[in-house]
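Q: The structure follows.
The values are calculated or read from the model by the stated rules, or taken from the named source; none is laboratory data. Computed from a predicted structure; not experimentally measured. As a convention, Cβ positions derive from the backbone with ideal geometry for all residues, glycine included, and neighbour counts pool all protein chains shown. For accessibility, only protein heavy atoms count, side chains too; no ligands or nucleic acids. Shrake-Rupley method; radii C 1.70, N 1.55, O 1.52, S 1.80 Å.
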Amino acid sequence: MSIRNAARSGGWCALMALFISPWVAANDFALQSGAAASDVRQMSEDLAAATSYKALGPAEAFGLIGTGIGAFAGYMATDDEDAWQRASGKRVGDITTAGLRARKGLPLGIDVSAFYADVIDTDGALFGGALQYALWEGGVATPGVALRLGYSQLTGVDDFDYDTWSVDATVSKGFAMLTPYAGVGYVTGELDPSDASIDAERVNNGRFFAGLRLSLGLIDITPEIEQNGDNFVTNLRLGMTL
């Protein structure tokens with residue numbers, strides 16, 4: 001599948017996730033006893049890409065009185081369905097998330113954010129947040145640059161614990177209603193099985209992401225694409241900035 005087609009397909013799936021999440025039947029993530037280390041590692045690679053904190057916005061700080069709230073969704077095709085089948089007993093072809101996130105501006109160019117999301121078609125859920133610091137605020141002729149430290153944790157899964165840490169650098173430049181942005185980062189994900197016969201897995205992925213914030217008064221729409229390790233992820237945010 002080409003990147004263009006993947007982005008189009010994934011974007012529609014991410015948008016659909018916002019509407020279908022309340023009605024989808026849940027099937028818990030699982031981990032088979034005696035699962036091969038290579039298959040468990042593949043699961044961890046996919047989970048790192050799908051569940052890590054997403055930028056979903058440009059580098060500019062919100063400022064002391066700035067507040068943003070919104071809904072978001074993400075879609076990612078798993079890299080190896082056969083590995084999931086062998087490790088979990090279920091053929092997982094994609095991971096789709098949908099939830100809510102909030103962001104608040106603080107003094108000195110610092111923003112904090114938090115999110116909660118369902119992992120569609122599973123009993124799993126995600127929560128986490130980020131701390132962002134604007135190195136350069138940006139202006140009429142200069143871009144904004146920010147650093148971000150993010151965290152996410154997967155809950156509702158009986159067979160293993162999973163969390164991620166991420167660090168990113170983002171650059172963006174506004175043009176009227178449009179603010180394109182791009183960034184690079186690093187994600188560490190750790191899968192800790194409840195079965196003592198299976199070793200824990202830690203993965204480290206580089207990532208690149210790019211997006212576009214469209215501001216329509218108080219409402220903003222932000223599509224984003226991300227390459228995280230070997231995985232291609234599409235994300236979408238619909239929000240309000242106060």
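Q: Has the stretch 175-184 got any residue that is touching a residue at least 40 places away in the same chain (Cβ under 8 Å), within 21 Å of residue 200 (Cβ to Cβ) and either open to solvent by less than 10 Å² (accessible area, probe 1.4 Å) or part of a loop (DSSP other than H, G, I, E, B) (or both)?
A: no
Q: Residue check, residue 36 against (1) open to solvent by 20 Å² or more (accessible area, probe 1.4 Å); (2) at pLDDT below 90; (3) under 24 Å from residue 84 (Cα atoms), all met but one. Which one?
A: Only one criterion in (1) open to solvent by 20 Å² or more (accessible area, probe 1.4 Å); (2) at pLDDT below 90; (3) under 24 Å from residue 84 (Cα atoms) is unmet by residue 36, namely (2).
Q: A further question follows. Residues in the stretch 120-142 that are touching a Pro at 6+ places or on another chain (Cβ under 9 Å), buried (at least 16 other Cβ atoms within 10 Å of the Cβ) and at negative phi: how many?
A: Result for the stretch 120-142: 0.
Q: Any chance the stretch 69-81 includes a residue that's farther than 23 Å from residue 182 by Cβ, surrounded by fewer than 23 Cβ atoms within 10 Å (Cβ to Cβ), in contact (Cβ under 8 Å) with a residue 24 or more places away in the chain and out of contact with any strand residue (DSSP E or B) (no Cβ under 8 Å at 6 or more places or on another chain)?
A: Looking through the stretch 69-81, at least one residue is farther than 23 Å from residue 182 by Cβ, surrounded by fewer than 23 Cβ atoms within 10 Å (Cβ to Cβ), in contact (Cβ under 8 Å) with a residue 24 or more places away in the chain and out of contact with any strand residue (DSSP E or B) (no Cβ under 8 Å at 6 or more places or on another chain).
Q: Continuing with the same structure: Every residue in the stretch 215-229 that is at pLDDT 95 or above and open to solvent by 50 Å² or more (accessible area, probe 1.4 Å), please.
A: 221, 223, 225, 227
Q: All but one of (1) surrounded by fewer than 20 Cβ atoms within 10 Å (Cβ to Cβ); (2) not in a strand (DSSP E or B) hold for residue 198; state the number of the condition that does not hold.
A: It is condition (1) that residue 198 fails.
Q: Does residue 36 meet the test of being more than 19 Å from the chain's Cα centre (by Cα) and more than 15 Å from residue 235 (Cβ to Cβ)?
A: The answer is yes for residue 36.
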